[in-house]
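*Asks:* If you scroll down you'll find the structure; I have some questions about it.
The values are calculated or read from the model by the stated rules, or taken from the named source; none is laboratory data. Quick caveat: nothing in here was measured; it's all calculated off a predicted structure. Every residue, glycine among them, receives a Cβ derived from its backbone with ideal geometry; neighbour counts consider all protein chains shown. The area values use the complete protein model at the heavy-atom level, side chains included, leaving out ligands, DNA and RNA. Shrake-Rupley method; radii C 1.70, N 1.55, O 1.52, S 1.80 Å.
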Amino acid sequence: MRLAITVTGLAISSLGNSGLSWERNEQLDLGLDIGLLQNRISLSVDYYDRITKDLLLSVNVPTLTGFGSAFKNIGRMSNKGIEFGVSSYNFVGAFTWNTSANLSFNRNKVLALGPTGAPILSGSGVGETNITMIGHPIGSFYGYKQLGIFRDAADLHTNPHDNTTRPGDVKYEDVTGDGILDAKDRTIIGNNQPDFIYGINNTFSFKGIDLGISLQGTQGGQILNLSRRFFENLEGGGNNLSIVKDRWRSPENPGNGKVPRANARTTGNNNAVSSRWVEDGSYLRIQNISLGYKLPKAWVDRINLSQVRIYASAQNLHTWSKYLNFNPEVSNYEGPLTGGVDYGSYPLAKTVTFGINIGF
Amino acid sequence: MKNNYRNICAAAVIALALASCGKGFVDLKPVSSTTTGNFYQTEEDFRNAVNGAYNSLRAGGNYGGDSYVFGEIRSDNSTPVASGSVTDQDEFDRFYIRTTNPYINNRWSNSYTAIARCNAILDRIDAITMNAATKDRYKAEAKFLRALYYFNLVRTFGDVPLVLKEITNPDEGYQYGRNPIGEVYAQIEKDLAEAAAVLPPSYTAAADRGRATQGAAKAILGRVLLTEKKYGPAAEQLKAVIDSKKYDLVPVYADFFKVNNKNNVEAIFDVQYKSGGVGQGNGWPNAFAPQNSGNAVIMFGGGGNNILLTTW
């Protein structure tokens with residue numbers, strides 16, 4: 001006898017923490033503003049030094065509690081930085097040109113973590129990808145460090161490797177130096193924090209025409225591009241990025257020393273989270289260009305309107321970057337502990353807008 | 001003027017409302033969601049909680065999708081399909097399991113999630129006023145399940161932390177270390193013996209199908225004792241199951257596994273699933289359907305994903 005019986009059940013889905021409190025900040029700010037040439041040029045410099053205490057983070061807890069993670073006030077973090085701003089009226093009069101630019105440097109460092117100071121490993125989708133460790137930026141990338149490609153059997157025999165590794169597979173560093181390559185050899189392999197970020201805005205106007213161009217960029221941040229585990233897997237199951245043309249083919253034809261051999265069967269741990277997937281995420285982007293034309297007042301008055309403006313505007317028109325995936329301004333996983341991981345993210349849309357503003 | 005009067009009235013009402021705000025105003029428990037603060041109060045709550053502990057049987061690391069990885073992939077009965085860039089099953093097949101393997105992690109964490117559910121029931125039920133016989137049965141069911149989960153853990157990992165009470169603060173987790181295998185088995189035997197003394201030989205209501213019975217507790221206790229090579233006591237438990245006359249062998253061996261023959265006379269303890277695309281189904285048939293067979297053999301993306309049965 002089979003009856004369609006459904007019964008309900010309930011279970012605790014997350015672990016509470018009655019001792020939680022807000023994060024606390026202590027911040028020092030020093031600023032300087034200067035106006036030159038009757039304020040045609042103004043400069044500003046700001047320095048800040050912020051210590052965040054009782055960081056509120058969802059961190060891994062021993063799973064024997066029945067739960068994988070819980071919110072805790074854990075640790076202390078420092079953010080120090082300096083920000084520069086310039087704005088100038090280059091031309092005033094019939095033709096106007098204004099420029100404003102900014103440049104910011106921020107340095108992030110974890111100062112303390114929990115009672116033991118043990119690092120926090122975090123990740124999603126492909127296991128552990130990031131580490132938050134005292135003395136390093138929050139959410140640094142964590143994995144094996146690629147030294148190169150095993151060129152031949154002799155190279156393989158003289159270096160620690162996985163038992164499925166063959167010539168042409170990825171050579172990782174034995175960080176612990178114990179002659180065995182295992183999960184303990186994972187180390188910090190980069191982070192998403194840029195050296196600096198910057199932006200430039202220019203606006204022009206002449207008669208009824210106005211033009212605005214804004215550029216934005218970052219320099220020195222890195223991205224853990226795990227999408228390449230698929231786009232560069234060399235298994236013959238789908239299209240790969242063109243860089244696989246430089247793969248290892250034989251000891252005599254070893255390619256660029258970074259891309260391993262083609263292999264339909266996944267062996268050699270070539271796709272482990274490693275520095276092989278860490279890329280420079282620097283970019284400069286044309287954030288917005290807008291061009292408008294305001295019809296002369298005499299024309300507008302004749303048809304009893306107060307204002308008519310025709311315009312075209314483009315968002316994300318172009319990005320200059322060496323990054324191999326779509327968008328260098330990426331994070332697939334929410335939260336501060338897993339920043340800068342790209343695992344098949346969507347491209348940013350380019351948007352072009354045409355319009356007419358009419359004022360009655 | 002009239003408008004002004006209205007504003008004054010409104011202000012007065014707001015002022016009164018503010019004045020009456022005590023500490024209780026901001027210290028309310030959410031009524032729209034269930035929390036450990038408002039749950040575990042009634043017999044009904046505990047029925048739900050016990051069902052929740054059974055639900056863990058379906059978790060991947062327990063009897064859900066992963067268990068063939070532990071039981072079958074390591075043998076020559078089956079081999080995993082080389083899939084994507086993932087070596088997780090291959091590591092089992094060819095015995096180079098990495099410490100980062102997710103199946104290892106799932107068995108551990110799914111087992112302890114299940115055990116936490118059992119512990120919460122056992123810690124909280126004594127304080128509740130409810131039917132005494134039902135209370136005893138719920139406790140016996142929780143002990144039965146806790147023992148089963150520990151049996152899987154100890155066979156997979158050897159020494160494991162023995163958590164026997166509910167953990168409510170994440171920091172408590174750091175106070176546990178691994179207990180020797182002997183202590184874990186002693187607890188499993190104790191839980192199963194106590195469960196067998198209380199659990200009914202069978203259930204009458206259809207909604208209770210799949211709950212642990214006395215026969216199930218004795219049969220698993222027998223299996224535990226066999227695993228410990230305590231053959232005499234094992235035989236004693238298993239003989240009691242046979243002598244209960246509740247079970248029999250199905251005439252055709254293959255019939256035991258047929259989907260339309262669930263909870264048959266040979267099944268002493270079954271994990272319950274429900275077909276019909278309601279999210280309560282069992283993923284095993286999908287895993288074992290021929291590779292890339294789509295919906296030809298089984299609904300909802302048959303095979304292609306996990307396993308090829310080898311025929312030699």
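*Asks:* Taking the Cα centre of chain A as the origin and placing charges on Cβ (Lys, Arg +1; Asp, Glu -1), which of A:Thr116, A:Asn130, A:Val352 is farthest toward the positive end of the dipole?
*Replies:* Sorting the options by dipole projection puts first A:Val352.
*Asks:* Choose one of A:Thr319, B:Asn101, A:Ser140: the residue whose Cα lies farthest towards the positive end of the charge dipole of the protein assembly as shown (beta-carbon charges +1 Lys, Arg; -1 Asp, Glu; about the Cα centre).
*Replies:* So the residue we want is A:Thr319.
*Asks:* Once R0 is set to 45 Å, what does the formula 1/(1 + (r/R0)^6) return for the Cβ-Cβ distance between A:Val86 and A:Ala112, expressed as a FRET efficiency to the nearest 0.05?
*Replies:* Details: r = 37 Å, r/R0 = 0.83.
According to the calculation, E is roughly 0.75.
*Asks:* When Rg is the radius of gyration of the Cα atoms in the protein assembly as shown and Rh is its Kirkwood radius, what does Rg/Rh come to? Intermediate results must be reported in sequence, preceding the final value.
*Replies:* Details: Rg = 32.7 Å, Rh = 30.9 Å.
The Rg/Rh ratio comes out at 1.06.
*Asks:* Another question, then. Which entries of B:Lys218/B:Lys246; A:Lys145/A:Lys258; B:Lys143/B:Lys165; B:Lys139/B:Lys262 show an alpha-carbon separation above 19 angstrom in the structure shown? Each step should come with its number before you reach the end.
*Replies:* Numbers: B:Lys218/B:Lys246 13 Å; A:Lys145/A:Lys258 12 Å; B:Lys143/B:Lys165 12 Å; B:Lys139/B:Lys262 26 Å.
Over 19 Å apart, Cα to Cα: B:Lys139/B:Lys262.
*Asks:* Next question. Compute the accessible area of each residue in the stretch B:237-284 twice, once for its chain alone and once with every protein chain present, using a 1.4 Å probe on heavy atoms, and list those whose area falls by at least 40 Å².
*Replies:* Listed in order, they are B:Lys274.
*Asks:* In the stretch A:158-223, which trypsin sites (Lys or Arg not before Pro) fall in coil by DSSP and have 15 or fewer other Cβ atoms within 10 Å? It would help to have the intermediate numbers written out before the result.
*Replies:* Numbers: sites: A:Lys171, A:Lys184, A:Arg186, A:Lys207; in loops: A:Arg186, A:Lys207.
In loop regions of the stretch A:158-223 (DSSP not H, G, I, E or B), the sparsely surrounded trypsin sites (Lys or Arg not before Pro) are A:Lys207.
*Asks:* If you don't mind, there's one more thing I want to ask. Considering only protein heavy atoms, what per residue accessible area in square angstrom results for the protein assembly as shown with a 1.4 angstrom probe? List each step's numbers first, then the result.
*Replies:* On the way: 36220 Å² over 672 residues.
So the protein assembly as shown comes to 54 Å² accessible per residue, rounded to a whole number.
*Asks:* Which residues does a label at A:Trp97 reach in the stretch A:196-232, if reach means a backbone N under 20 Å from a point 7 Å past the Cα toward the Cβ?
*Replies:* A:199-216
*Asks:* Which value, in debye to the nearest 20, describes the size of the charge dipole of chain A about its Cα centre when Lys and Arg Cβ atoms bear +1, Asp and Glu Cβ atoms bear -1, and nothing else is charged? Don't skip to the end; give the middle numbers.
*Replies:* Details: 33 positive and 30 negative charges, 188 e Å.
Approximately 900 debye in magnitude.
*Asks:* Something else about it: With θ set to phi - 60° and the Karplus curve 6.51 cos²θ - 1.76 cosθ + 1.60, what are the ³J(HN,Hα) couplings of the stretch B:190-200 in order, to the nearest whole Hz, using x for Gly and Pro?
*Replies:* So the Karplus estimates, Gly and Pro as x, are 5, 4, 6, 5, 5, 5, 5, 6, 10, 4, x Hz.
*Asks:* Magnitude of the Cβ-charge dipole of the stretch B:34-188, K/R +1 and D/E -1, about the Cα centre, nearest 20 debye? Before the final figure, lay out each step's value.
*Replies:* Values: 16 positive and 19 negative charges, 48 e Å.
Computed about the Cα centre, the dipole is about 220 debye.
*Asks:* Shifting gears a bit: Which net charge results for the neighbourhood of B:Lys190, defined as the other residues with beta-carbon distances under 12 angstrom from its beta-carbon, given Lys and Arg at +1 and Asp and Glu at -1? Could the numbers behind the result be given before it?
*Replies:* Working: positive: B:Lys143, B:Arg146; negative: B:Glu183, B:Glu189, B:Asp191, B:Glu194.
Net charge around B:Lys190: -2.
*Asks:* Ratio to report: Rg/Rh of the stretch A:139-186, with Cα atoms as the point set and Rh obtained by the Kirkwood method; give two decimals. Walk me through the numbers on the way to the answer.
*Replies:* Values: Rg = 10.8 Å, Rh = 11.1 Å.
Taking Rh as the inverse mean 1/r over Cα pairs, Rg/Rh reads 0.98.
*Asks:* Could you work out how much longer the chain between A:Thr158 and A:Ser42 gets when fully extended? Use 0.36 nm per residue separation minus the Cα distance between them, nm to one decimal.
*Replies:* On the way: separation 116, 0.36 × 116 = 41.76 nm, distance 6.20 nm.
Length gained, A:Thr158 through A:Ser42: 35.6 nm.
*Asks:* Ok, one more. Could you list which residues have their amide H under 5 Å from that of A:Leu10, counting only those 5 or more apart in sequence or on another chain, with H placed in the peptide plane?
*Replies:* Under 5 Å from the amide H of A:Leu10: B:Ala49, B:Asn51, B:Gly52.
*Asks:* Still on this structure, I have one more. Enumerate by residue number the GluC sites (Glu not before Pro) in the stretch A:1-108 meeting two conditions: DSSP loop (anything except H, G, I, E, B), and at most 13 other Cβ atoms within 10 Å of the site's Cβ.
*Replies:* Numbers: sites: A:Glu23, A:Glu26, A:Glu83; in loops: A:Glu23.
Counting only loop positions with at most 13 other Cβ atoms within 10 Å, the GluC sites (Glu not before Pro) in the stretch A:1-108 are A:Glu23.
*Asks:* With a Cα-only, solvent-free Debye model of chain A, what are the log10 I(q)/I(0) values at q = 0.08, 0.11, 0.13 Å⁻¹?
*Replies:* -0.62, -0.97, -1.14
*Asks:* Follow-up. Scan around B:Gly210 for amide H atoms under 5 Å from its own, H built in the peptide plane at 1.01 Å from N, and keep only partners 5 or more places away or cross-chain.
*Replies:* Result for B:Gly210 returns nothing.
*Asks:* Tell me the label-point distance for the pair A:Asp33, A:Asp195, using the 7 Å Cα-to-Cβ offset, in nm and rounded to one decimal.
*Replies:* For A:Asp33 paired with A:Asp195, the spin-label model returns 3.1 nm.
*Asks:* Can you run phi through the Karplus equation (6.51, -1.76, 1.60; θ = phi - 60°) for the stretch B:139-153 and list ³J(HN,Hα) in whole Hz, with x for Gly and Pro?
*Replies:* Karplus-based 3J(HN,Hα) across the stretch B:139-153 equals 5, 5, 5, 4, 5, 4, 5, 4, 4, 4, 5, 5, 4, 5, 4 Hz.
*Asks:* For the stretch B:40-272, what is the convex hull volume of its Cα atoms per residue in Å³? Write down the numbers at each step before the final one.
*Replies:* Working: hull volume 37.2 nm³, N = 233.
Cα-based convex hull of the stretch B:40-272, divided per residue, equals 160 Å³.
*Asks:* Another question about this same structure. Given Cα pairs under 8 Å that are at least 6 residues apart, what percent is the relative contact order of the stretch B:40-185?
*Replies:* Details: 157 pairs, mean separation 38.7, N = 146.
Relative contact order comes out at 27 percent.
*Asks:* Taking loop as defined by DSSP and a crowding limit of 14 other beta carbons within 10 Å, which trypsin sites (Lys or Arg not before Pro) in the stretch B:170-213 fit? Don't skip to the end; give the middle numbers.
*Replies:* On the way: sites: B:Arg178, B:Lys190, B:Arg209, B:Arg211; in loops: B:Arg178, B:Arg209, B:Arg211.
Taking the stretch B:170-213 and a limit of 14 other Cβ atoms within 10 Å, the loop trypsin sites (Lys or Arg not before Pro) found are B:Arg178.
*Asks:* Now for a separate question. So what does the Cα-only Debye profile of the stretch A:32-114 read at q = 0.11, 0.24 Å⁻¹, as log10 I(q)/I(0), no solvent term?
*Replies:* Calculated log10 I(q)/I(0) at the listed q: -0.55, -1.06.
*Asks:* Across peptide A:54-66, what mean number of C-beta atoms from other chains lies inside 10 Å of a residue's C-beta?
*Replies:* Details: counts 0, 0, 0, 0, 0, 1, 1, 7, 12, 11, 18, 16, 16.
Mean shielding by partner chains, rounded to a whole number: 6.
*Asks:* Calculate the mean, over all residues of peptide B:144-153, of how many other protein chain Cβ atoms lie within 10 angstrom of the residue's Cβ. Mind showing how you got there, number by number?
*Replies:* Working: counts 0, 0, 0, 0, 0, 0, 0, 0, 0, 1.
Mean shielding count: 0.
*Asks:* On a straight-distance basis, which lysines could pair with A:Lys53 in a cross-link, Cα separation under 19 angstrom, same-chain partners fewer than 8 positions away excluded?
*Replies:* List returned: A:Lys72, A:Lys80, A:Lys109.
*Asks:* Still on this structure: Which value, to two decimals, describes the C-alpha radius of gyration of the stretch A:185-288 once divided by 2.2 N^0.38 Å? Each step should come with its number before you reach the end.
*Replies:* Working: Rg = 20.4 Å, N = 104, 2.2 N^0.38 = 12.8 Å.
Compactness ratio reported: 1.59.
*Asks:* With N residues in the stretch A:261-360, what two-decimal value do you get for its Cα radius of gyration over 2.2 N^0.38 Å?
*Replies:* Details: Rg = 23.4 Å, N = 100, 2.2 N^0.38 = 12.7 Å.
Ratio of Cα Rg to 2.2 N^0.38 Å: 1.85.
*Asks:* Which values, in whole Å and largest first, are the semi-axes of the equivalent ellipsoid of the stretch A:103-198 obtained as the square root of 5 times each eigenvalue of the Cα gyration tensor?
*Replies:* Working: eigenvalues 195, 58, 26 Å².
Rounded to whole Å, the semi-axes are 31, 17, 11.
*Asks:* Let me ask something additional. Using only protein heavy atoms and a 1.4 angstrom probe, determine the accessible area buried between B and A, summed over both sides, in Å² to the nearest 100. Working shown, then result.
*Replies:* Numbers: alone 18440 and 21120 Å², together 36220 Å².
In total, this chain pair buries about 3300 Å².
*Asks:* What average count of beta carbons from other chains do you get within 10 Å of the Cβ of residues in A:263-274? Present the calculation step by step, with values, prior to reporting the outcome.
*Replies:* Working: counts 1, 1, 3, 7, 5, 1, 4, 2, 4, 4, 1, 0.
Mean partner-chain Cβ count within 10 Å for A:263-274: 3.
*Asks:* Explain nothing, just compute: Karplus ³J(HN,Hα) = 6.51 cos²θ - 1.76 cosθ + 1.60, θ = phi - 60°, for every residue of the stretch B:116-130 in order, whole Hz, x for Gly and Pro.
*Replies:* 4, 5, 5, 5, 4, 5, 5, 6, 9, 6, 4, 7, 9, 8, 7
*Asks:* Just add up the charged neighbours of A:Thr218: K/R +1, D/E -1, any other residue whose Cβ is under 11 Å from the Cβ of A:Thr218. Present the calculation step by step, with values, prior to reporting the outcome.
*Replies:* Working: positive: A:Arg285; negative: A:Asp195, A:Asp280, A:Glu329.
Computed value for this residue: -2.
*Asks:* Moving on to the next point. Using modelled amide H (1.01 Å from N, peptide plane; none on Pro or chain starts), what sits under 5 Å from the amide H of A:Tyr142, excluding residues fewer than 5 places away?
*Replies:* A:Asn130, A:Ile131, A:Ile189
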